[in-house]
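The values are calculated or read from the model by the stated rules, or taken from the named source; none is laboratory data. Please read all numbers here as calculations on a predicted model, not as lab measurements. Positions of Cβ are backbone-derived with ideal geometry, glycine not excepted, and every protein chain shown enters the neighbour counts. Please note that ligands, DNA and RNA were not included when accessible areas were found on the heavy atoms of the full protein model with its side chains. Shrake-Rupley method; radii C 1.70, N 1.55, O 1.52, S 1.80 Å.
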Amino acid sequence: MAEQGRSGPRIHTAVDEDVDAVLAFWLRAAEGTDRHDTAGGVRRLIARDPDALMIAELDGRIAGTLIAGWDGWRCHLYRLAVDPAHRRKGIARALLDAAERRFAEFGGTRADAMVLHANTLAHPAWTAAGYTRQDDSARWVKPLATGGA
């Protein structure tokens, strides 16, 4: 998958050669990330679902990322991150539009997103894209001994 808007970013899916650059990008641009990402974990994602990790590029450099995971039943969004120098320029919207098209092809009816409550920088972008915070449930987590990521 690769697409280019007239003046927007080029959206494409990640390949193994992108992994190191994506990890470095997340350290710089993904506020609140738990920093437990590994190259092996990202490569497993790409191997399992080659179209899930989307990259937005401007002038050949990563400007944004989004993981659009489909488990066969639900549509999940993770790691929406935009380079601080390119925020408020439609990068997040372009990534979300691409993810929503992907989900529509699978017959998905609703997307959910992992957005930290404390990441208030991200809230306006999600709201502008039509997403609303769901307060009637919470995420429950348990670290696994495998260290997967």
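What to note about this one:
- Accessible surface of segment 1-143, 1.4 Å probe, proportion on carbon and sulfur as whole %: 52 percent
- Length-normalised contact order of the chain in % [C-alpha pairs under 8 Å, at least 6 apart]: 21 percent
- Top of Leu77, Leu116, Leu58 by mean-square fluctuation, Gaussian network on the chain, Cα under 10 Å: Leu116
- Shown here: the chain, whose C-alpha atoms stretch 42, 33, 31 Å along the first, second and third principal axes, sorted largest to smallest.
- Using the Cβ of Asp20 as centre and a radius below 12 Å, the other residues enclosed give a net charge of -3, where K and R count +1 and D and E count -1.
- Other residues whose C-beta falls under 15 angstrom from the C-beta of Leu77 contribute a net charge of +2, scoring Lys and Arg +1 and Asp and Glu -1.
- Less than 5 angstrom separates the built amide H of Asp112 from those of Cys75, His76, Leu77, all sequence-distant by 5 or more or on a different chain.
- Summing charges over all other residues whose Cβ lies under 13 Å from the Cβ of Ile91, with Lys and Arg as +1 and Asp and Glu as -1, gives +2.
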